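Asks: Okay, here's the structure, questions in a sec.
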Amino acid sequence: VKHRSNPSLTWALLRTFGLQMVVAAIFKVIFDSLAFTQPQLLKILIRFVTDYNAQNDDNIILQKVKQIPLVRGFMISIGMFLVSFVQTSILHQYFLNSFNTGMNIKSALTSVIYRKALVLSNEAADMSSTGDIVNLMSVDVQRLQDITQWIHLIWSGPFQIVLCLVSLYKLLGKSMWVGVIILVIMMPLNSILMRTQKKLQKVQMTYKDERSRLISEILNNIKSLKLYAWEKPYK
């Protein structure tokens, strides 16, 4: 407000909490990469077990081919354990940063809205009822807090899809394109469902505002009746 004639809440939030979101995004990239490393290690382990059993069953192979060391299997198993351990640790760090960012955003916006509500002019107070302000501090701010947990899916989703397609292509070959076709077909359907959900959310918020406004009016009238001792005349 001090530096721009047309301030942006989104830009202000990004400048304030953007670094925390970048740190969470880095953890998310590492987690997604490790999630597709585990199946590759499992594939290597299965191949090792197959080759190791084959060389032990066939004496001719033992004579002509260099033996596969057993320690290789242990190293692959240890690698799978370390990948799982690091993956779990990084996932918790990602959620920790996301939750902290969400709580900071919620606390900051609740404080700003409450501070603004205390200095509203008469004209602004007539335009914004107590129910609207309460909805801003409870419902709307909570939605912004929830965004911090899911906003990384905007880039993480395509990133995971690309990694998954590359992995499936190496395992299944051209038959993986059947899954791609199904995914492409489902995208417009998901888009329609999300637009419908957005419309219903707007209708729901309208009803919530009306309900809060009505309850506020009822409570104010009850308070007037009690303070002026008008219960018996109204009865």
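The values are calculated or read from the model by the stated rules, or taken from the named source; none is laboratory data. Just so it is clear, the model here is predicted, and its values are computed rather than measured. Heads up, the Cβs are rebuilt from the backbone with ideal geometry, glycines too, and the neighbour counts pull from every protein chain shown. All accessible areas refer to the heavy atoms of the entire protein, side chains included, with ligands and DNA or RNA removed. Shrake-Rupley method; radii C 1.70, N 1.55, O 1.52, S 1.80 Å.
Asks: What residue, of Glu231, Glu217, is of a type in the set (Asp, Glu) and either within 30 Å of Gln40 (Cβ to Cβ) or exposed (fewer than 12 other Cβ atoms within 10 Å of the Cβ) (or both)?
Replies: Glu231
Asks: Looking at segment 20-49, which of the residues that are among the basic types (Lys, Arg) and open to solvent by 40 Å² or more (accessible area, probe 1.4 Å) is nearest to Thr101 (Cα to Cα)?
Replies: Among those that are among the basic types (Lys, Arg) and open to solvent by 40 Å² or more (accessible area, probe 1.4 Å), it is Lys43.
Asks: I need the full set of residues from segment 108-127 which are closer than 16 Å to Ser216 by Cβ and either open to solvent by 100 Å² or more (accessible area, probe 1.4 Å) or modelled with pLDDT of 90 or more (or both), in order please.
Replies: Those that are closer than 16 Å to Ser216 by Cβ and either open to solvent by 100 Å² or more (accessible area, probe 1.4 Å) or modelled with pLDDT of 90 or more (or both): Asp126, Met127.
Asks: I've got another one for you. Residues of segment 64-90 being modelled with pLDDT of 85 or more and open to solvent by 100 Å² or more (accessible area, probe 1.4 Å), which ones?
Replies: Across segment 64-90, the qualifying residues are Arg72, Phe74, Met75, Phe81, Phe85.
Asks: If I go through segment 167-180 residue by residue, how many of them are closer than 16 Å to Pro39 by Cβ, without any contact (Cβ under 8 Å) to a residue 40 or more places away in the chain and open to solvent by 50 Å² or more (accessible area, probe 1.4 Å)?
Replies: Residues in segment 167-180 being closer than 16 Å to Pro39 by Cβ, without any contact (Cβ under 8 Å) to a residue 40 or more places away in the chain and open to solvent by 50 Å² or more (accessible area, probe 1.4 Å): 4 in total.
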